[in-house]
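Engineer: Take a look at this one; I'll ask things after.
Here, each number is a calculation from the coordinates, and none is a lab measurement. Keep in mind the model is a prediction, meaning the values are calculated, not measured. With ideal geometry, Cβ positions are generated from the backbone for all residues, glycine too; neighbour counts draw on all protein chains shown.
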Amino acid sequence: MSVEKLQITLSEFKKAKPDVDHLEFGTQFTDHMFVMDYSSETGWHDARIVPYQPITLDPACMVFHYGQTVFEGLKAYLTADGEVLLFRPEKNMARLNQSNERLCIPPVNEEFVIYALKRLIQIDREWIPAKEEMSLYIRPFVISTEPYLGVAPSKHFKLIIIMSPVGSYYKSGVNPVKILVENDYVRAVAGGTGTAKTGGNYAASLKAQEVAAAKGYSQVLWLDGIEKNYIEEVGSMNIFFIIDGEAVTPALNGSILEGVTRNSVIQLLKHWDIPVSERRISIKEIFELHEEGKVTEAFGTGTAAVISPVGELNWKDKTIVLNGGKTGEISQKLYTTITGIQKGSLPDVLEWTQKADEGLLVK
Ligand SMILES: *Cc1c(COP(=O)(O)O)cnc(C)c1O
């Protein structure tokens with residue numbers, strides 16, 4: 001779809017902006033949204049930016065029944081110079097299409113969607129909180145909209161992008177969390193939908209999360225679905241361990257979601273000459289290596305928190321404490337560096353950011 005095909009209808013009024021000091025994640029949305037429709041006859045069409053509004057759907061729409069849907073999550077940042085930066089948006093769009101492929105959703109034109117997103121950001125630019133560590137969270141998603149109760153891929157879809165201002169994930173500095181290793185429920189298995197960013201994976205994860213929260217843990221550590229032995233992910237983040245000076249993360253095995261932050265952390269560690277190993281790693285091995293004093297740090301990686309250090313890990317009633325329950329040196333350095341690059345306050349050594357007005361016809 002070409003750039004001229006993007007229709008824009010501006011809102012007649014602007015909503016009051018939220019108080020940035022009391023932002024709650026995902027509760028407030030900007031004045032506009034992007035929408036594009038798909039039908040098997042016309043392909044993706046009718047790309048438009050419109051005032052943020054509810055959508056009306058037939059109750060028979062397939063998304064409500066069989067969950068044929070995918071989503072993405074990324075952020076836009078305002079720099080001290082008043083420039084808007086996007087962090088590796090091409091990775092998110094490529095992953096959107098990988099998720100689409102798995103869920104039998106037709107691919108979108110990645111470049112066009114990035115263009116439309118940049119226009120949307122330009123229109124709602126005033127919504128990006130200026131403060132340190134604050135950003136605009138961007139949520140693209142696709143839903144199946146054919147009204148049909150038969151089980152088959154939908155012939156109609158909608159891609160929508162909504163945006164929400166978010167505050168700092170850490171209110172008082174990076175904070176390690178307590179993690180419960182999950183022995184009963186599993187998030188995903190190879191051959192399933194674990195490698196796709198789709199709502200069903202999240203629906204499947206809620207029960208374990210609820211049980212862990214009731215026991216006082218922030219998140220669960222997911223093990224593989226077959227042997228319940230190998231480490232997969234932590235909550236909805238990828239996981240890393242620092243073992244004897246080497247960074248170790250589970251290899252992409254067909255059930256792990258490949259995070260953009262995971263990829264960025266691997267690249268940055270290599271750039272710093274810290275060895276990285278992507279391999280199979282069992283929970284037993286972690287507990288044994290910890291006993292030998294070799295596991296010095298553990299942390300989750302994802303767009304929301306960037307780096308989320310693990311302070312404590314509980315597995316079958318045994319608890320290990322990592323780095324004295326404090327944020328480790330490598331975890332902190334990764335956090336500071338990545339957030340600095342995102343905010344434009346540190347050199348973009350690996351060329352990850354894009355200016356949000358780059359390539360726009362209207363400046
Ligand atoms: C989104 C997600 C991640 C993190 O991906 P990022 O691109 O780094 O935000 C990790 N695991 C799961 C299951 C996810 O859904």
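Engineer: May I ask you to order 244-256, 12-24 by the average number of other C-beta atoms within 10 Å around their residues, highest value first? Can you show the working numbers first?
Structural biologist: Working: 244-256: 17.5, 12-24: 10.8.
Top to bottom by mean Cβ count within 10 Å: 244-256, 12-24.
Engineer: If you average the C-alpha positions of the stretch 68-119 and of the stretch 17-34 separately, how far apart do those two centres end up, in angstrom?
Structural biologist: 19
Engineer: Sorted from largest to smallest, which semi-axis lengths in Å does the alpha carbon gyration tensor of the chain give for its equivalent ellipsoid, taking the root of 5 times each eigenvalue? Please list the in-between numbers first.
Structural biologist: On the way: eigenvalues 245, 129, 65 Å².
With the √(5λ) rule applied to the chain, the semi-axes are 35, 25, 18 Å.
Engineer: Using alpha carbon centroids, what distance separates the stretch 268-283 and the stretch 170-233, in Å?
Structural biologist: If you average the Cα positions of each part, the centres end up 21 Å apart.
Engineer: Let me check against my output: what whole-number percent is the relative contact order of the chain, with C-alpha pairs under 8 Å and at least 6 apart? Could you put the intermediate results ahead of the total?
Structural biologist: Values: 737 pairs, mean separation 66.8, N = 363.
Once divided by the residue count of the chain, the mean separation gives 18 percent.
Engineer: Estimate the FRET efficiency between Thr319 and Trp272 by the formula 1/(1 + (r/R0)^6), using the beta-carbon distance for r and 41 Å for R0, to the nearest 0.05. The partial results should precede the final answer.
Structural biologist: Working: r = 31 Å, r/R0 = 0.75.
Efficiency at R0 = 41 Å is approximately 0.85.
Engineer: Please figure out what share of the DSSP beta bridges in the chain is antiparallel and state it in percent, rounded to the nearest 5.
Structural biologist: Numbers: 58 of 72 bridges.
In the chain, approximately 80 percent of DSSP beta bridges are antiparallel ones.
Engineer: Could I ask something else about it? By how many nm would the segment from Lys155 to Arg280 grow when fully extended, if each residue of separation counts as 0.36 nm and the alpha-carbon distance is taken off?
Structural biologist: Working: separation 125, 0.36 × 125 = 45.00 nm, distance 3.92 nm.
Contour length minus Cα-Cα distance gives 41.1 nm.
Engineer: Let me ask something else. Using only the alpha-carbon atoms, how far is helix 199-214 inclined from the longest principal axis of the chain? Give it as 0 to 90 degrees, nearest 10.
Structural biologist: Once rounded, one gets 40 degrees.
Engineer: I need to check one value: relative contact order of the stretch 3-168, counting alpha carbon pairs closer than 8 Å and at least 6 residues apart, in percent.
Structural biologist: Details: 320 pairs, mean separation 55.9, N = 166.
Reported as a whole number, the value is 34 percent.
Engineer: Sticking with this structure for a sec: Would you work out the charge dipole size for the chain about its Cα centre, treating the Cβ of every Lys and Arg as +1 and the Cβ of every Asp and Glu as -1, and quote it to the nearest 20 debye? Let's see the in-between values first.
Structural biologist: On the way: 37 positive and 46 negative charges, 74 e Å.
The dipole of the chain has a size of about 360 debye.
Engineer: For the stretch 228-274, what does the alpha-carbon gyration tensor say about shape, rounded, prolate or oblate, given a ≥ b ≥ c as the root eigenvalues, a/c under 1.5 as rounded, and a/b over b/c as prolate? Intermediate results must be reported in sequence, preceding the final value.
Structural biologist: Working: a/c = 2.32, a/b = 1.44, b/c = 1.61.
It is oblate, given that a/c is not under 1.5 and a/b is not larger than b/c.
Engineer: Moving on. For a test of the definition: using alpha carbon positions, the gyration tensor, and the 1.5 limit on a/c, classify the stretch 254-296 as rounded, prolate or oblate.
Structural biologist: Values: a/c = 3.04, a/b = 1.37, b/c = 2.21.
Because a/c hits 1.5 or more and a/b fails to exceed b/c, the stretch 254-296 counts as oblate.
Engineer: Another question, then. What percent antiparallel are the DSSP beta bridges of the stretch 177-343, to the nearest 5?
Structural biologist: On the way: 22 of 33 bridges.
Here the share of antiparallel DSSP bridges comes out near 65 percent.
Engineer: Please compute the contact order of the stretch 152-228 in relative form: average sequence separation of alpha-carbon pairs under 8 Å and at least six residues apart, divided by the residue count, as a percent. The partial results should precede the final answer.
Structural biologist: Working: 57 pairs, mean separation 30.1, N = 77.
It rounds to 39 percent for the stretch 152-228.
Engineer: Oh, and also: To the nearest 500 deg cm²/dmol, what mean residue ellipticity at 222 nm is calculated for the chain from DSSP H runs of n ≥ 4 alone, each contributing -39,500 (n - 2.57), summed and divided by the residues?
Structural biologist: Values: 7 runs with 84 residues, N = 363.
One gets -7000 deg cm²/dmol as the mean residue ellipticity at 222 nm.
Engineer: Working out 0.36 nm times the residue gap between Phe13 and Tyr170, then minus their Cα-Cα distance, what length gain in nm do you get to one decimal?
Structural biologist: Working: separation 157, 0.36 × 157 = 56.52 nm, distance 3.29 nm.
The Phe13-Tyr170 span can extend by a further 53.2 nm.
Engineer: Just to confirm my numbers, what's the Cα centroid distance between the stretch 235-251 and the stretch 315-353 in Å?
Structural biologist: 12
Engineer: Which entries of Lys131/Lys215; Lys75/Lys178; Lys197/Lys333; Lys197/Lys270 show an alpha-carbon separation above 31 angstrom in the structure shown? Don't skip to the answer; put the middle values down first.
Structural biologist: Values: Lys131/Lys215 35 Å; Lys75/Lys178 26 Å; Lys197/Lys333 28 Å; Lys197/Lys270 27 Å.
Beyond 31 Å: Lys131/Lys215.
Engineer: What list of ³J(HN,Hα) values in whole Hz, one per residue of the stretch 37-51 in order, does the Karplus curve 6.51 cos²θ - 1.76 cosθ + 1.60 (θ = phi - 60°) give from phi, with Gly and Pro shown as x?
Structural biologist: These are the phi-based 3J(HN,Hα) values: 9, 10, 9, 5, 6, 9, x, 6, 7, 6, 6, 8, 9, 9, x Hz.
Engineer: Ranked highest first by average number of other Cβ atoms within 10 Å, how do 121-128, 206-213, 328-335, 291-298 line up? Before the final figure, lay out each step's value.
Structural biologist: Numbers: 121-128: 18.4, 206-213: 15.0, 328-335: 20.5, 291-298: 16.8.
Result, highest mean first: 328-335, 121-128, 291-298, 206-213.
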